Amino acid sequence: MWQGSVVSLHIASEAGAPLATVADVRAVAGRGLEGDRYSSGRGHYSDAPSRGGREVTLIEMEAVEALLDGLLDAEGASAPLKLTAAETRRNIATRGVPLNHLVNRTFRVGEVLLRGTRLCEPCRYLDGLTRPGVMALLIHRGGLRAQILTGGIIRVGDTIQPEEAS
């Protein structure tokens, strides 16, 4: 069984706004992260509050760091790109967590119980906010969308681990 951790947390009050990095954030079951654009219905792809499994997004720091190493170019060429976790537009940056394996699985982030609902594939909107090519480099590595099953506070440094029976 694996065990990972929260590296950083990010929220934005509205679509297109830069993500603020925070030390902790309240996760509200069935709603989203307090203060984040999707919990209030001010996100890019939705004019309604988050529901149906897209209440929080996660990304592996290993994928973000691989961009800098130039390891993600589909053609095998080196394409180094410096990108921060906040620039990926995901709420929770993780380390040591196999996010692609958590679709339809429950897992804990500190005291909060989440259920992975689908991969969080990048979109062209991300290219526009960062630079062209970011989307292509993060395909199948863009993270995970998750539903908040039980709320609580998520903190940088919290342990992330799967639930035994999910």
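The values are calculated or read from the model by the stated rules, or taken from the named source; none is laboratory data. What you see is a predicted model; the values in this text were computed from it and never measured. Heads up, the Cβs are rebuilt from the backbone with ideal geometry, glycines too, and the neighbour counts pull from every protein chain shown.
The set of residues from region 10-38 being surrounded by fewer than 23 Cβ atoms within 10 Å (Cβ to Cβ) and either at pLDDT below 80 or among the small types (Gly, Ala, Ser) (or both) comprises Ala12, Ser13, Ala15, Gly16, Ala17, Ala20, Ala23, Ala29, Gly30, Gly35. Scanning region 93-102 for any residue that is in a strand (DSSP E or B), modelled with pLDDT of 80 or more, in contact with an Asp or Glu (Cβ under 9 Å, 6 or more places away or on another chain) and surrounded by fewer than 18 Cβ atoms within 10 Å (Cβ to Cβ) turns up at least one such residue. The set of residues in region 10-42 that are part of a loop (DSSP other than H, G, I, E, B), within 14 Å of the chain's Cα centre (by Cα) and closer than 22 Å to Leu102 by Cβ comprises Leu19, Asp36, Tyr38. The residues of region 141-154 that are over 18 Å from Arg54 (Cβ atoms) and surrounded by fewer than 16 Cβ atoms within 10 Å (Cβ to Cβ) amount to a single one, Ile153. Of all residues in region 114-136, those being in contact with an Asp or Glu (Cβ under 7 Å, 6 or more places away or on another chain) and either modelled with pLDDT of 75 or more or of a type in the set (A, V, I, L, M) (or both) number 2. Checking each residue of region 83-90 against the condition of being modelled with pLDDT under 80 and of a type in the set (S, T, N, Q) gives no match. Only a single item in (1) at pLDDT below 95; (2) surrounded by 16 or more Cβ atoms within 10 Å (Cβ to Cβ); (3) within 16 Å of the chain's Cα centre (by Cα) is not met by Val7, and it is number (1).
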